Amino acid sequence: MLIQTTTVFVTLLLPLIYGLDVNPTVLNSKSGAICSSVQQHKGKGHIKVHGHNLPQDVKVPTFVFHYPDLLNFTNVPRVESYYKEYPDNLPKDLFSGDKFNIVPEERSDFNDAKVFNGYVDSTRDAEFIVPQTGIYCVYIGKVDDAKATIPVVFKNSYGNLDYPSYLIYSQLKYVIIAAIGLFVYLFNYILRFKVGEDFKNLDSISVISKAVIFLVLTPYILVYIYYWFSLFLRNNFINSSQDSMLVSLASFVSEFLVQAYGAYTHGLLLLFSMGYGVIYYHNGNSHHYRLFPRKTFGKVVAFLVVYLVVLYAYFLLINHPSEQYPYLSGFGNLGSLDESSSSWSSVLASLVGLFSLILFILTMYNYFQTKKTIAKFPPSANDPDSTQRVVDAFRKSILIFMVLPIVVGIIGGVIGAVNMVRGLVDTIPDQPPNRLDDYESVLNFIALESTFGSLVQPVLVSQWIYFFTAVVAIFFIWIKDNNGLIIDRNVNDPIEYADVSQFDVSDSE
């Protein structure tokens, strides 16, 4: 009991220690620069720099600008250098009194209205309405008080979420509505045409039909409702400079549940490829079925449990502020992109990929084995075409589960890549002479912004399309004709009491 209690305690505590390590946009005596993407629409996107935590009579120079405009200034350091050199090694001529001394390029069309150049103090905040969507940076002058903090709020026109999360959030409500509508339709279909109003004939529905509705759609709806709710809280109540433990915990759990659901559905697919719900079941009575080997079922469950543990540990390790890009916010979890990530992160990332590959290989191998086994089954006396119909349905299902996601993913990736290239071509500035490092820094930011703005959405949409296409296809293949194994609990079937080993299926049978 003590071991179990300790295990549960550690499981709940670890996210509080590691998994909630977010990166609020707050500047101080050691951190003088922060950048984030801001989406502008109808003048609602803005940046607010708060000075209320500063000592009285202390004015801190503040400079807010669209990062690609860095090339329009001759004396403003790129953000990598500014963050590294702050506060003691910055150029002396960079400040003039209570503000930055900005020197424009001679050939630039720079406009003062595109930046904020002033100061903040204990009675004065700086608010800047961004002129356009893009990545904006906030630089501050030296802060002598080690306890003083300057919160910086990057407010998008839609709320507080970073843009990748908002893309998910904005689509989820339609995905959830579609999933609920599909659940209601399928459930209503089996009640009207297969079960009847008294619910007494639910056993007449095939295992696959019930699995799609209750084991796939139901948890899908619950997981994504919870995911949407956690995003709703972050978008409406937690700004970029705040850190809420409860909301961070909810976000961590929701992100993990989404990935865990993916692993769970892959496990269901593996069981299906092994014949579960088609020619095997774990208990009950039936005219035509064989008991699924308990050892095999236990191995599959154990494999999935280990997979989920590895996935959970991986999420804990990567869910931290980026050490390589500490000055960058608003692009999700960049900590996983650090080149200096711990060796454990690399090991766990490799294990997650290995588990996914093993699941794919096992699914394909068992599919071909089960397909041959089904073909050997004698047809039902009441339905001579039953065996061939199940073989055809089994073959079509695997094509949908294994081939369709690849096709849809490639299409989504190509569309996203084309959009990204177009966005880069339209936004790449001319290279100024003798400023290669600054130019590369600007290009990196533009590429990052274009990637998230152009590539993420088509990939997300392709995932939703695949899921609903697969469920609808399974409906026509299995549910509509009620194909697959039917469990009848009211039949005294001697198979249930027979020696299970005599029904083991092998290639030599």
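Residues in region 419-434 that are more than 9 Å from P458 (Cβ to Cβ) and part of a helix (DSSP H, G or I): M420, V421, R422, G423, L424, V425, D426, T427.
I'd like to know if region 274-289 contains one or more residues that are small (G, A, S), closer than 29 Å to I479 by Cα and touching a strand residue (DSSP E or B) at 6+ places or on another chain (Cβ under 9 Å). Spell out how you get there, then give the answer.
Quick first cut of region 274-289, residues small (G, A, S) only: 275, 277, 284, 286.
Add one more test, that the residue is closer than 29 Å to I479 by Cα, and what stays is 275, 277, 284, 286.
Now drop any that are not touching a strand residue (DSSP E or B) at 6+ places or on another chain (Cβ under 9 Å), which leaves 275.
Yes, that holds for at least one residue.
In region 56-147, counting only strands (runs of 3 or more DSSP E) that sit wholly within it, the ones holding 2 or more residues that are in contact with a Cys (Cβ under 8 Å, 6 or more places away or on another chain) span 60-66, 134-140.
Exactly one residue among L233, L246, L257 is farther than 24 Å from V152 by Cβ, in the same structural domain as L316 (by TED's automatic domain parsing) and among the aliphatic types (A, V, I, L, M), and that residue is L257.
Enumerate the helices (runs of 4 or more DSSP H) found wholly within region 152-243, keeping only those where 2 or more residues are modelled with pLDDT under 90 and closer than 30 Å to S450 by Cβ.
On the way: elements: 163-190, 207-210, 218-237.
In region 152-243, 163-190 are the helices (runs of 4 or more DSSP H) which contain 2 or more residues that are modelled with pLDDT under 90 and closer than 30 Å to S450 by Cβ.
Only a single criterion out of (1) of a type outside the set (A, V, I, L, M); (2) modelled with pLDDT under 70; (3) buried (at least 17 other Cβ atoms within 10 Å of the Cβ) is not satisfied by N492, namely (3).
Given the residues L246, L268, L233, L257, which is the only one that is closer than 15 Å to S397 by Cβ and under 21 Å from the mean Cα position of the chain (by Cα)?
After ruling out the rest, the residue left standing is L268.
Would you point out which residue out of V442, V472, V461, V408 is over 23 Å from the mean Cα position of the chain (by Cα), part of a helix (DSSP H, G or I), closer than 30 Å to L186 by Cβ and not basic (K, R)? Please lay out each step first, then the result.
Working: V442 fails: closer than 30 Å to L186 by Cβ; V461 fails: over 23 Å from the mean Cα position of the chain (by Cα); V408 fails: over 23 Å from the mean Cα position of the chain (by Cα).
Only one candidate passes the filter, namely V472.
The values are calculated or read from the model by the stated rules, or taken from the named source; none is laboratory data. Because the structure is a prediction, the values reported are computed rather than measured. Cβ coordinates were reconstructed from backbone atoms using ideal geometry, including for glycine residues, and neighbour counts include every protein chain displayed.
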